[in-house]
Amino acid sequence: AVVSTQSTGYDIASQQTVYLVYTPFNDQNKLTTGSPISDAVLNMLIVLGLVIVMTCFLVLLYKYRCYKVIMGWLFLSSLILLFMFTFLNLQEIMVRFNLAMDYITISLVVWNFGVMGIISIHWKGPLLLQQAYLLIISAMMALVFIKYLPEWTLWFILGGIAVYDLFAVLCPKGPLRILVETAEERNEPIFPSLIYSSTVMYTVAMAEGEPVSSYNPLTSSTESSPNNSPQDRATMPDLEPEEQGVKLGLGDFIFYSVLVGKAATADDWNTVMACFVAILIGLCLTLLILAIVKKALPALPISIFVGIVFYVCTRWCIKPMCDQMAISQVYV
């Protein structure tokens, strides 16, 4: 909802004159092939390469138990998102809707919002509040991608990330699979700042930290590890609340929001709702497969590919048909 509202609040395409530094192939730069598709493919390869390098770096940090480094990295990222990005987005909203607010008031609003978010995510807080802040962080990251990525590049990145997520989780040597297996061996949960959990996840003074990944797979924490005995498996329903439930990587929410937000830029709520329903369908199918195979699964591929299909069909088939029916005053 946040991404859709802001995406429809102003014409992103008409204001897009600045792009992210790791997408050098664009129409505003002399470094271009002359074809938007070729530029998009090259930009996608650069972004995927960056994602792979950073994911492997995080896996290495976790493997060698550099938990404080990871925790500091996540804490700094949360600070930037909850304070600076919140201020920038509030500023754009006020300019767009011609709202007046003095800097003292907006500073107090951003301070209270950011501090509460840091406490809820990295320390203690109600489950609903923690989930809300994680979703807001995902929405703000999605807005950055929507506003500062070339249009074709954004679509290719969505597809490329979904394919990468598939291989990273399911391949025996995939970085996310290694991360999940290592976490199971050490019997450690994932960092709550990168996981949307259906149950409470508290973290206090992470002296012995937990693993982290930019793109976490969909996992069920009630799944027993390979070393568990039949007696251990029989007592799984008696786990503590924070060890139960399904956990979804925050990176998955970012790209879900990118898809819905990009649909919102088309200024057609039918397309937005179609993408939203497609994501829910993909999640339901992924959860169904998760219940069958009982191991970590990527949450992006099914939802993203179904969402892209729904977007294309709604934008280029259903919308023109509805417009023509409205012009001809034909009602069903």
(request) Kindly establish whether Tyr22 is under 25 Å from Asp165 (Cβ atoms), among the hydroxyl-bearing types (Ser, Thr, Tyr) and more than 19 Å from the chain's Cα centre (by Cα). (result) no
(request) Filter the range 292-316 down to residues that are open to solvent by 70 Å² or more (accessible area, probe 1.4 Å) and more than 15 Å from Trp155 (Cβ to Cβ) and give me whichever is modelled with the highest pLDDT. (result) Ile292
(message) I'm told Lys68 meets every condition in (1) within 22 Å of Val144 (Cα to Cα); (2) open to solvent by 70 Å² or more (accessible area, probe 1.4 Å); (3) under 25 Å from the mean Cα position of the chain (by Cα) except one. Can you identify the failing condition by its number?
(response) (1)
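Tell me the residue from Leu76, Leu82 that is open to solvent by less than 50 Å² (accessible area, probe 1.4 Å) and either in contact with a Leu (Cβ under 7 Å, 6 or more places away or on another chain) or in a helix (DSSP H, G or I) (or both), please.
Going through Leu76, Leu82 in turn, the sole match is Leu82.
The values are calculated or read from the model by the stated rules, or taken from the named source; none is laboratory data. The model shown is predicted, which means the values in this text are computed figures rather than measured ones. Glycine also receives a Cβ, built like all others from the backbone with ideal geometry; neighbour counts cover every protein chain displayed. Please note that ligands, DNA and RNA were not included when accessible areas were found on the heavy atoms of the full protein model with its side chains. Shrake-Rupley method; radii C 1.70, N 1.55, O 1.52, S 1.80 Å.
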